[in-house]
1. Here are some conditions: (1) at pLDDT below 95; (2) closer than 24 Å to residue 229 by Cα; (3) in a strand (DSSP E or B). Residue 133 meets all but one. Which one does it not meet?
2. Go through the range 111-133 and give me each residue that's more than 19 Å from the chain's Cα centre (by Cα) and without any contact (Cβ under 8 Å) to a residue 12 or more places away in the chain.
3. Residues to consider are 69, 33, 63; find the one that is assigned to a strand (DSSP E or B), modelled with pLDDT under 95 and under 23 Å from residue 170 (Cα atoms).
4. Would you confirm, using the coordinates I've provided, whether residue 194 is surrounded by 12 or more Cβ atoms within 10 Å (Cβ to Cβ), in contact with a helix residue (DSSP H, G or I) (Cβ under 9 Å, 6 or more places away or on another chain), more than 21 Å from residue 136 (Cβ to Cβ) and touching a residue at least 12 places away in the same chain (Cβ under 8 Å)?
5. What helices (runs of 4 or more DSSP H), lying completely within the range 168-240, carry at least 3 residues that are within 21 Å of residue 95 (Cα to Cα) and touching a strand residue (DSSP E or B) at 6+ places or on another chain (Cβ under 9 Å)?
6. Specify which of the listed residues (97, 69) is at positive phi and either free of Cβ contacts under 8 Å to residues at least 24 places away in the same chain or touching a strand residue (DSSP E or B) at 6+ places or on another chain (Cβ under 6 Å) (or both).
7. Counting just the residues of the range 153-165 that are out of contact with any strand residue (DSSP E or B) (no Cβ under 7 Å at 6 or more places or on another chain) and in contact (Cβ under 8 Å) with a residue 60 or more places away in the chain, which one comes out nearest to residue 232 (Cα to Cα)?
8. The conditions are (1) part of a strand (DSSP E or B); (2) at pLDDT below 95; (3) closer than 21 Å to residue 227 by Cβ, and residue 54 fails exactly one of them. Which is it?
């Protein structure tokens, strides 16, 4: 198998080390709706999407569920837990199908020990996710649903590299944004009338990226700037 990941974290691994672990890293095709991890279960695999989008869902004791983030080409699922508690505290399912790479958690820990580049990439990813999580708390409190939905659509497109064609339903958007489905229906209708998107059965098409970007909340730009600075930071801040 040729190891040619588009995933930004896997691509950082030193070529000689990647060659050594080629047999342990699998290229797989993920289908929309696939459940990769259940809450409370042991982490058996670490996932690195190429053009798939993985959603992490947090659940309450009452059984209610809400999205806790989206993982695409720049990220990973299971990497932090595999070197920590080894238990997942969120459910992971495929939101947008596509290609991903996976490695068994035990092999990942070995890879992590061998690759300095991977350790740096993971450290930066942790910092980037903390920035995003903190910003989105503020976003939920202060920004309108319409501007937040615009941000989510743009993030889903960018992280999955699927362009304008997104397999995100109104129910899934409601889950991601933590609002009622009826609210998403009204918001989608407004954006469609404005010529920014087109709703269809099973998904949404982005019609005007520029205007959607202008309508998105400022958190998208704030997060993008902070993460750009994190990824540009010297590697020796994490190693050595």
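1. Single failed check for residue 133: (3).
2. Selection gives 113 alone.
3. So the residue among 69, 33, 63 that is assigned to a strand (DSSP E or B), modelled with pLDDT under 95 and under 23 Å from residue 170 (Cα atoms) is 69.
4. Numbers: surrounded by 12 or more Cβ atoms within 10 Å (Cβ to Cβ): yes; in contact with a helix residue (DSSP H, G or I) (Cβ under 9 Å, 6 or more places away or on another chain): yes; more than 21 Å from residue 136 (Cβ to Cβ): yes; touching a residue at least 12 places away in the same chain (Cβ under 8 Å): yes.
Yes; evaluated as a whole, the condition is true for this residue.
5. Details: elements: 170-177, 181-193, 209-215, 219-232.
In the range 168-240, 170-177 are the helices (runs of 4 or more DSSP H) which contain 3 or more residues that are within 21 Å of residue 95 (Cα to Cα) and touching a strand residue (DSSP E or B) at 6+ places or on another chain (Cβ under 9 Å).
6. 69
7. 158
8. Of everything listed in (1) part of a strand (DSSP E or B); (2) at pLDDT below 95; (3) closer than 21 Å to residue 227 by Cβ, residue 54 misses just condition (2).
The values are calculated or read from the model by the stated rules, or taken from the named source; none is laboratory data. On a predicted model such as this, the values are computed, not experimentally measured, just so you know. All Cβ positions, glycine included, derive from the backbone under ideal geometry; neighbour counts span all protein chains shown.
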